[in-house]
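Asks: Here you go, one structure.
The values are calculated or read from the model by the stated rules, or taken from the named source; none is laboratory data. For clarity, every value in this text was computed on a predicted model and none was experimentally measured. As a convention, Cβ positions derive from the backbone with ideal geometry for all residues, glycine included, and neighbour counts pool all protein chains shown.
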Amino acid sequence: MKWLTSLVLSLACFTANAQSAGGPLVIRITQGVEGALPIAIVPFEWAGAPMPTDIAQVVSSDLTRSGRFNPMPRNDLPSKPSDPTQVNLKEWRAVGMDNLVIGRITASGDGGYLVEFRLLDAFTGKQLAGFQIPAAANALRLTAHQISDIIYKTLLNVPGAFATRIAYVTVARRDAKNSTYRLQIADADGYDAKTILESPQPLMSPAWAPDGNRLAYVSFEERNSAIYVQDVRSGQRKKVVSGAGINSAPAFAPDGQRLAVTRSQDGNPDIYVVDIASGQQTRLTTHEAIDTEAAWAPDGSAIVFTSDRSGGPQIYKVAPTGGEARRVTFNMGNYNSRASYSPDGQSLVMVNGGSGYRIALLDLKTGSSRNLTGSNLDESPSFAPNGSMIIYATMAGRGTELAAVSVDGSIKQRLALQQGEVREPAWGPLRQ
Amino acid sequence: MTRAILKTTLLLAAVLVATGCSSLNKKPASGAAIENRGLSNGEMSDIDAARSKGAGDGSGAGAAELNDPNSPLAVRVIYFDYDSSDVRADFESVVQAHASFLASHPQTTVTLEGHSDERGSREYNLALGERRALSLRRQLVLLGATAGQVKTVSYGEERPVAEGHDEQSYSQNRRAEIVYQQ
């Protein structure tokens with residue numbers, strides 16, 4: 001278990017409540033995949049001391065966390081080359097390495113750095129990837145995640161999702177009536193958590209805009225649910241939907257201009273599409289049952305939502321202009337809710353209730369479904385933007401923590417706060 | 001000038017003495033029991049609160065009734081069965097009492113806060129919480145309250161009173177709370 005000390009420092013700025021804020025997210029691989037690729041990641045050369053960021057360490061952690069790689073422990077490395085001319089291929093083949101990552105960091109004079117790295121095939125000596133990346137002084141971790149993305153893409157032919165962020169809600173609870181709710185954003189590896197909103201009233205349902213610069217969420221700060229859209233960097237925010245009844249479950253359209261939301265001003269929750277700039281609303285459903293938890297297809301052609309019009313909650317699909325809704329979930333038990341599309345639009349992930357509440361994946365082409373998790377109270381699933389993993393909230397002790405599972409169910413990890421609970425993860429888009 | 005200051009000082013002193021006396025009234029501890037009407041401290045202060053609040057509109061007695069721990073009005077939390085928003089038979093008399101109170105106190109308003117247990121998805125539970133609050137509202141209106149007196153809000157599973165992951169906790173969290181507006 002690794003304690004993320006730099007995160008403790010960054011959180012310490014947030015007054016005396018830093019402790020109850022929960023501290024760092026600690027990531028623990030609970031189940032890895034067999035046949036993970038062996039790879040050697042040599043510490044990057046750095047002339048000065050101390051090293052500004054141990055890039056090789058960050059890359060190694062990223063690749064380990066993916067479950068697809070098995071980086072060699074640093075102490076076992078036979079040598080520490082930083083340049084291709086220093087690499088003895090035989091020596092790396094002898095210790096069973098398929099690939100080798102080497103590099104160096106140099107100061108660029110303007111207070112920033114130049115990070116140079118190469119990915120080598122240990123059998124042929126061929127350079128599979130090589131980049132020079134200028135990095136601002138405070139952006140070396142991001143650079144390391146970008147290097148992880150390049151390695152992942154080069155060797156697995158799938159985009160990586162290391163240089164991404166997650167949003168989530170933390171709760172520090174004192175008693176039934178007194179809690180502190182925080183909307184936080186952290187790097188996908190749990191580092192650099194920032195509180196972007198803090199409230200004594202519940203915060204819910206963070207949802208990323210496709211550009212990764214804005215979050216929509218639900219806040220009870222006016223003693224009733226209302227939907228806000230907040231710019232992540234400036235903190236500027238706009239109340240988009242409020243009024244009598246429920247105003248909840250925001251989901252950005254792929255165009256980033258509209259939100260699908262739930263409103264119940266007529267006494268019953270229905271799905272609406274709201275234009276963020278004008279506030280203009282289009283009603284999509286008019287059923288007397290509960291309709292909520294809308295999510296857009298990646299191409300914007302459809303919206304799925306939860307409805308209990310057939311009795312228990314099931315997933316339905318409707319055109320973004322409205323019209324007839326069609327049921328999507330069949331033969332999956334009597335509780336299916338909060339569905340969202342995979343990035344390729346081929347499957348839906350959802351909460352499936354039966355003897356417990358698990359995360360289930362439904363293949364939209366074949367209609368086959370399976371449970372990816374086996375705990376009792378799993379909820380709020382969210383796809384990584386490369387489609388490789390699903391992050392969700394799960395029961396832990398008396399509260400909840402985050403967990404992630406690969407789409408094939410083979411890799412599992414837990415992301416826990418030191419204190420307090422963390423819930424409703426939303427995995428942000430790939431950096432543009 | 002000095003006379004004005006003196007006047008203010010005297011006035012202040014009088015207020016202080018008066019305040020001191022009134023707080024003495026509630027503490028019959030020292031020897032000479034003052035105005036002991038055989039009520040507990042809590043009840044006396046309730047009556048005080050009712051007096052100060054309800055002066056003029058005749059609702060003073062009602063506020064006292066509202067604060068009587070032995071009145072059915074003291075029950076402010078209605079519990080629900082799993083996946084149900086029906087007001088249970090064992091709460092009918094409580095709901096009737098609140099409806100009657102609201103009917104006889106048309107100026108009084110309440111907010112019904114609907115809640116669910118933690119199982120399943122949060123947004124769906126928000127809707128279930130609202131369904132419970134609305135179900136209770138319908139009952140209150142049916143039994144005499146006016147629609148304008150009863151507001152609803154749902155907190156879904158966001159504000160549990162019991163934190164356990166078992167039926168005992170769940171049954172305490174599936175609830176609607178009746179909150180009288182001050």
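Asks: Could you check region A:79-147 for strands (runs of 3 or more DSSP E) lying wholly inside it with 1 or more residues that are within 13 Å of residue A:42 (Cα to Cα) and assigned by TED's automatic domain parsing to the domain that holds residue A:50?
Replies: Details: elements: A:99-107, A:113-121, A:127-135.
Answer list for region A:79-147: A:99-107, A:113-121.
Asks: Quickly run through region B:143-164 and pick out the residues that are surrounded by fewer than 18 Cβ atoms within 10 Å (Cβ to Cβ) and farther than 12 Å from residue B:111 by Cα.
Replies: Going through region B:143-164, the residues surrounded by fewer than 18 Cβ atoms within 10 Å (Cβ to Cβ) turn out to be B:143-144, B:146-148, B:161-164.
Scanning region B:143-164 gives B:143, B:144, B:146, B:161, B:162, B:163, B:164.
Asks: Right, something else. Can you list the strands (runs of 3 or more DSSP E) lying wholly within region A:171-243 that have 3 or more residues being facing chain B (nearest Cβ under 10 Å) and surrounded by 22 or more Cβ atoms within 10 Å (Cβ to Cβ)? Steps first, answer last, please.
Replies: Numbers: elements: A:178-187, A:194-199, A:203-208, A:214-219, A:226-231, A:237-241.
Those strands (runs of 3 or more DSSP E) span A:203-208.
Asks: Given A:369, A:380, which one is at pLDDT 95 or above, in contact with a strand residue (DSSP E or B) (Cβ under 6 Å, 6 or more places away or on another chain) and under 22 Å from residue B:160 (Cβ atoms)?
Replies: Working: A:369 fails: under 22 Å from residue B:160 (Cβ atoms).
Answer to the selection: A:380.
Asks: OK, next. For region A:272-300, which residues satisfy the criterion of being loosely packed, with under 12 Cβ neighbours inside 10 Å and either within 14 Å of another protein chain (Cβ to nearest Cβ) or small (Gly, Ala, Ser) (or both)?
Replies: A:277, A:278, A:279, A:288
Asks: When region A:276-294 is examined, which residues are found to be in contact with a Gly (Cβ under 9 Å, 6 or more places away or on another chain) and either hydroxyl-bearing (Ser, Thr, Tyr) or in a strand (DSSP E or B) (or both)?
Replies: Answer for region A:276-294, where residues must be in contact with a Gly (Cβ under 9 Å, 6 or more places away or on another chain) and either hydroxyl-bearing (Ser, Thr, Tyr) or in a strand (DSSP E or B) (or both): A:282, A:283, A:285, A:286.
Asks: Please tell me if residue A:365 is closer than 29 Å to residue A:281 by Cβ and in the same structural domain as residue A:410 (by TED's automatic domain parsing).
Replies: On the way: closer than 29 Å to residue A:281 by Cβ: no; in the same structural domain as residue A:410 (by TED's automatic domain parsing): yes.
In short, no.
Asks: Which of the residues spanning region A:360-391 are within 14 Å of chain B (Cβ to nearest Cβ), over 12 Å from residue A:332 (Cα atoms) and part of a strand (DSSP E or B)?
Replies: If the condition is that a residue be within 14 Å of chain B (Cβ to nearest Cβ), over 12 Å from residue A:332 (Cα atoms) and part of a strand (DSSP E or B), then A:377, A:379, A:380, A:381, A:382 are the ones that fit.
Asks: Tell me, which residue of region A:148-170 that is in a strand (DSSP E or B) and away from chain B (no Cβ under 14 Å) is surrounded by the most Cβ atoms within 10 Å (Cβ to Cβ)?
Replies: Filtering region A:148-170 for residues in a strand (DSSP E or B) gives A:165-170.
If we keep only those that are away from chain B (no Cβ under 14 Å) too, we end up with A:165-167.
Numbers: A:165: 20, A:166: 26, A:167: 21.
Residue satisfying both the conditions and the ranking: A:166.
Asks: Shifting gears a bit: Does residue A:167 qualify as being in contact with a Pro (Cβ under 9 Å, 6 or more places away or on another chain) and at pLDDT 95 or above?
Replies: Working: in contact with a Pro (Cβ under 9 Å, 6 or more places away or on another chain): yes; at pLDDT 95 or above: yes.
So residue A:167 fits the description; yes.
Asks: Can you report the number of residues in region A:346-403 which are surrounded by fewer than 24 Cβ atoms within 10 Å (Cβ to Cβ) and among the acidic types (Asp, Glu)?
Replies: 2
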